[in-house]
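The values are calculated or read from the model by the stated rules, or taken from the named source; none is laboratory data. Here the structure is a predicted model, which means the values were calculated and not measured. So basically every Cβ, Gly included, is an ideal-geometry build from the backbone, and we count neighbours across all protein chains shown.
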Amino acid sequence: MREQIEDFIGRGNGPKRNEGGIPAWLDLPDPKGFRPKRKYRTIWISDIHLGTRGCNAAMLVDFLRAHECETLYLVGDIVDGWRLRKGWYWPDAHNEVVRRILKMAHRGTRVIFIAGNHDEMLRDYAGLSFGGVELALEHVHTTVDGRRLLVTHGDAFDGVVLYHKWLAFLGDQAYSMLLRANIVFNAVRRRLHMPYWSLSAYMKKKVKNAVQFIGSYEEAVATEATSRGFDGVVCGHIHCAEIREFGGITYYNDGDWVESCTALAEDFTGHMALIDWVKETGGHTVKDEPAEDQAERDGPATTSEAAPEAVS
């Protein structure tokens, strides 16, 4: 864990660092790929759950390589501290996500990290900046057309997490079982040369209680935004990408990178839209585009090997 934290904040004592202590790979130029980057004013992503087997890290790296933005919001549950407490799992693909985000921050993208419930250990550091990444509990975003949006992870509006934390952990166990089934299911699909498809997302949409919970959650978040005088709210937490109107409030959920692989983006006119990366790529990442490059992969002094994940 220490090595990953040192890489994340851009410090540490390993080799291949510049005079200022900055990892040398941050200054390496990107290789010229055949795919032009799409540019947005703002991008929101959340619920990556680094440190779990369910994280679609390769697909997220592919997404980040394909996009540029002035501001990147990490809307909570980026690192899954709940899972890492039980057993260490951190393959190099998860390092690649961290490196890509740090590189964006190093090159001028404002990166704002809203701590969620799975990475709640970072909430004590709200107000600080590490490696160009600003930590916050929530944030107010103003769109090009002047709308004020509350940006929050959203767990504060989840009654199960807020009032019955033990039940949330129990639900996390059941959900983890479904995600493990999703991993096996997609491993079989890859062997059959079929694209990624989320079994867990499909099951969640078919369960009546889950659908009712999602509707109640969205309404609760929108009501809070209304009471605080905002024009809209951006959140994550429930792994369900959505844009909905509640009276004069617009509710935005950027989804996740465990099941749906979605993001929310604002263009330079203020228009907001969801990006479904599975749909756009057909469930495949770009294999033949030059890697972020091999020197970058070898840059940090230490990377962790994949280790068995202890789950109960």
List every residue pair whose Cβ atoms lie under 6 Å apart, where the two residues are 6 or more positions apart in sequence or sit on different chains, the first residue falls within region 128-149 and is in contact (Cβ under 8 Å) with a residue 40 or more places away in the chain, and the second residue, located anywhere, is among the acidic types (Asp, Glu) and not in a strand (DSSP E or B).
-> Arg147/Asp231; Arg148/Asp231
Contacts under 8 angstrom Cβ, first residue in region 264-276 being surrounded by 15 or more Cβ atoms within 10 Å (Cβ to Cβ), partner among the small types (Gly, Ala, Ser) and not in a strand (DSSP E or B), 6 or more apart = Leu264/Ala241; Leu264/Gly255; Leu274/Ala241; Leu274/Gly255
Scanning region 85-136 residue by residue, those among the small types (Gly, Ala, Ser), within 17 Å of Arg53 (Cβ to Cβ) and over 15 Å from the mean Cα position of the chain (by Cα) turn out to be Gly87
Looking only at region 10-53, and only at residues there that are among the basic types (Lys, Arg) and either modelled with pLDDT under 70 or not in a loop (DSSP other than H, G, I, E, B) (or both), the one that is surrounded by the most Cβ atoms within 10 Å (Cβ to Cβ) = Arg17
